[in-house]
Amino acid sequence: MAFRDGDGWVMCSCGHRHWGLHGAAGLLLVRRDLDEPRVLLQLRAAWTHGGGTWALPGGALDSHEDSVSAAAREAEEEAGISASHITVKDIFSDDHGPWRYDTVIAHTTSDAGAHAANAESEDLRWVLIEEISQFQLHKGLEAAWPELRLRVLATLTA
Ligand SMILES: [Zn+2]
């Protein structure tokens, strides 16, 4: 395992602290082999930051990593996602100045191997796009979701 040099908190101009000295990234994976597109949500284990809420697999960037690599690595560690089964379609940046969260929007035509793969994942679920707002979301995802939703829909019609 590579040395992780991105672990740590950033005090942000928005007044919150964020995880990831070099920013953070997550994978928004859209499954397209079902009747309707579904998005993979992860229930964060109670002991994690934002524990007990639904979020995207993801985490801090290492200094040498780009957002796509970090999102794919975290999705594999936490949710067993195989990078060979996903196709990146778009990246949505939530830029806070000193800190940034990049949501990597990708498609898959299988379950991509998804299963709760480490202790940070309590559960994983493939959720209809229009049902996501009914879940108790991690506050970062909740804030970004209205805009993210439009970006996801755009990847489906492109
Ligand atoms: Zn901020």
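The values are calculated or read from the model by the stated rules, or taken from the named source; none is laboratory data. Given the structure is predicted, the values throughout are model-derived calculations rather than measurements. No Cβ is skipped: glycine too gets one built from the backbone with ideal geometry, and neighbour counts run over all protein chains shown. Areas reflect the complete protein model, heavy atoms only, side chains present, ligands, DNA and RNA absent. Shrake-Rupley method; radii C 1.70, N 1.55, O 1.52, S 1.80 Å.
Observations
- Dipole moment magnitude, nearest 20 debye, region 47-158 about Cα centre, only Lys, Arg, Asp, Glu C-beta charged: 280
- Annotation: amide H of W9 within the under-5 Å range of G20, sequence separation 5 or more or interchain, hydrogens built in the peptide plane.
- Distant-in-sequence amide contacts of T53, defined by a placed amide H-H separation under 5 Å and a gap of 5 or more residues or a different chain, comprise R44.
- Within the listed set E120, E36, E142, the residue fluctuating most in the Gaussian network model of the chain (springs between alpha-carbon atoms under 10 angstrom) is E36.
- Paramagnetic label reach from E130 (point 7 Å along Cα→Cβ; backbone nitrogen cut-off under 15 Å): within region 30-57, residues 35-39.
- Once exposed loop chymotrypsin sites (Phe, Trp or Tyr not before Pro) are cut out (DSSP; at most 11 other Cβ, 10 Å), longest piece of the chain: 48-158
- Per DSSP, loop trypsin sites (Lys or Arg not before Pro) in region 1-53 with at most 15 further Cβ within 10 Å: R4, R32
- Antiparallel bridges, percent of DSSP beta bridges restricted to the chain (to nearest 5): 70
- For the chain, the residue among A60, H16, L124 whose Cα projects farthest onto the positive side of the dipole built from Cβ charges is H16.
- Averaged per residue, the chain has 50 square angstrom of accessible surface, using a 1.4 angstrom probe with ligands and nucleic acids left out.
- Folded to 0 to 90 degrees: helix 67-79 orientation relative to the chain principal axis, Cα: 70
- Taking the 1.4 Å solvent-accessible surface of the chain as the whole, the part contributed by carbon and sulfur is 51%.
- Each label was represented as a point 7 Å from its Cα along the Cα-to-Cβ direction; for S69 and A116 these points are 3.1 nm apart.
- Relative intensity, log₁₀ I(q)/I(0), of the chain from a Debye sum that treats every alpha carbon as a point, q = 0.09 Å⁻¹: -0.25
- Computed from Cα positions, the angle between helix 139-157 and the longest principal axis of the chain comes to roughly 40 degrees.
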